[in-house]
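The values are calculated or read from the model by the stated rules, or taken from the named source; none is laboratory data. Just so we're clear, the structure is a prediction, and the values are computed from it rather than from any experiment. Cβ: placed from backbone, ideal geometry, glycine included. Neighbour counts: every protein chain shown.
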Amino acid sequence: MKFSHNLLDLHTHTVASGHAYSTLLENIRAAKAKDMKIIGVSDHGPMMPDGAHQFYFHNLKTLPEIIEGVRVLKGAEVNILDESGEIDIKGKAHTILDYAIASLHIPCFENLDAVGNTNALINAMNHPVVKIIGHPDDSRYPMEYERFVLAAIEQHVLIEINNSSLLPTATREGAHENYKTLLGYCKQHGAAIIIGSDAHFSEHVGAKEEAAFMLEEIDFPSHLVANFNETLFWEYIKG
């Protein structure tokens with residue numbers, strides 16, 4: 001199987017997100033138990049109900065680079081707020097974060113239309129801290145997928161395939177069909193992707209099974225998946 005050993009997971013939440021159930025250390029230990037090399041902490045930005053305060057992201061500077069043998073990257077899942085791509089983490093935090101995942105969330109962004117929603121995601125890519133666009137898979141936010149993929153290539157941003165979106169318990173709608181469309185364009189144009197667990201409990205850190213099954217099903221090139229290509233991963237995170 002091409003997509004067997006997951007090296008990393010950058011989409012994980014801790015109790016700081018308000019609706020997750022594990023600590024950072026519990027998540028790190030879960031990653032270590034799965035022999036993962038890298039974990040990112042990406043708690044929700046302050047505009048999400050119960051999201052972390054700005055000060056939380058500023059203070060990520062206190063985290064060591066290596067904890068219990070696992071490389072820990074300082075991140076955030078920022079909320080896209082409008083069509084201009086404004087995000088909800090400002091100022092000093094941008095110099096501390098290694099990366100941000102920019103996402104559309106129902107409490108923070110009102111559906112526009114396929115053009116407006118796609119504009120919002122593309123404009124969010126202009127923030128240097130945004131390295132990943134999170135779960136672009138929800139039918140409640142229709143999109144122009146080919147235009148989105150071409151913009152991600154141009155802006156050198158990873159497209160997330162969110163494992164949680166593909167679970168039977170997912171709240172996002174239409175993910176299976178939308179990902180088949182999206183991944184078709186990624187494969188056609190050579191866009192790089194990253195699988196995110198979107199873990200809200202430590203047991204789910206590194207979860208990739210649903211996403212990996214879909215990638216196998218369409219014979220997606222493994223060299224374009226950052227979880228299995230560390231060189232590619234660092235090109236996007238440090239680039």
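Numerical summary
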| item | result |
| --- | --- |
| The lone exception for residue 17 - which of (1) of a type in the set (Ser, Thr, Tyr); (2) within 17 Å of the chain's Cα centre (by Cα); (3) closer than 16 Å to residue 196 by Cα it fails | (3) |
| Positions within the stretch 205-239 being of a type outside the set (A, V, I, L, M), assigned to a helix (DSSP H, G or I) and surrounded by 20 or more Cβ atoms within 10 Å (Cβ to Cβ), in sequence order | 210, 227, 228, 233 |
| Unmet criterion (only one of (1) modelled with pLDDT of 95 or more; (2) in a loop (DSSP other than H, G, I, E, B); (3) within 20 Å of residue 206 (Cα to Cα)) for residue 47 | (3) |
| Filter result for the condition that a residue is under 20 Å from residue 233 (Cα atoms) and touching an Asp or Glu at 6+ places or on another chain (Cβ under 8 Å), over 132, 80, 96 | 132 |
| Residue selected from the stretch 1-41 under the condition among the hydroxyl-bearing types (Ser, Thr, Tyr) and touching a helix residue (DSSP H, G or I) at 6+ places or on another chain (Cβ under 9 Å), by the criterion surrounded by the most Cβ atoms within 10 Å (Cβ to Cβ) | 12 |
| Criterion: of a type in the set (A, V, I, L, M, F, W, C) and free of Cβ contacts under 8 Å to residues at least 40 places away in the same chain - qualifying residue of 15, 72, 78 | 15 |
| Qualifying residue in the stretch 90-105 (condition: at pLDDT 95 or above, farther than 19 Å from residue 74 by Cβ and surrounded by fewer than 17 Cβ atoms within 10 Å (Cβ to Cβ)) | no |
| Residue within the stretch 19-29 that is at pLDDT below 95 and either assigned to a strand (DSSP E or B) or of a type in the set (A, V, I, L, M) (or both) present | no |
